[in-house]
Amino acid sequence: MNMQKVDLYQPIEATRIGPAPIVLRTIVTTTSAYVAGGMPTEAKKVEDYVLISSLPKELQERVKTAIQALLTAM
């Protein structure tokens, strides 16, 4: 499997023509790395991103409202 590295804070352009995937699975390195046995560890976590436009309209609105609430609290 070919692992690609991208900056998740920048737009990602697809290389394939066609509809976008419903779910993107990413591996993120968290900032809470700690030292175990004298060696620093990399804290990696799997995150899934869902294509909001693939959801039913009512659920799209609920998700968008929840995201806006999270962003406001930051």
Some residue of segment 30-48 being over 28 Å from Asn2 (Cα atoms), at pLDDT 90 or above and not polar (S, T, N, Q): no
Taking segment 12-32 and the residues there that are small (Gly, Ala, Ser) and exposed (fewer than 10 other Cβ atoms within 10 Å of the Cβ), the one that is farthest from Pro56 (Cα to Cα) would be Ser32
Mind checking which pairs have a first residue in segment 52-74 that is in contact (Cβ under 8 Å) with a residue 40 or more places away in the chain and a second that is loosely packed, with under 12 Cβ neighbours inside 10 Å and assigned to a helix (DSSP H, G or I), Cβ under 6 Å, 6 or more apart or different chains? none
Take segment 1-11 and flag every residue that is at pLDDT 70 or above and surrounded by fewer than 10 Cβ atoms within 10 Å (Cβ to Cβ). Asn2, Met3, Gln4, Lys5, Asp7, Tyr9, Gln10, Pro11
When both residues are 6+ apart or on different chains and their Cβ atoms are under 9 Å apart, which pairs have a first residue that lies in segment 1-16 and is farther than 16 Å from Val28 by Cα, and a second that is of a type in the set (A, V, I, L, M)? Ala14/Ala20
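The values are calculated or read from the model by the stated rules, or taken from the named source; none is laboratory data. Source: prediction; values computed, not measured. Please note: Cβ atoms are built from the backbone with ideal geometry, for glycine as well, and neighbour counts cover all protein chains shown.
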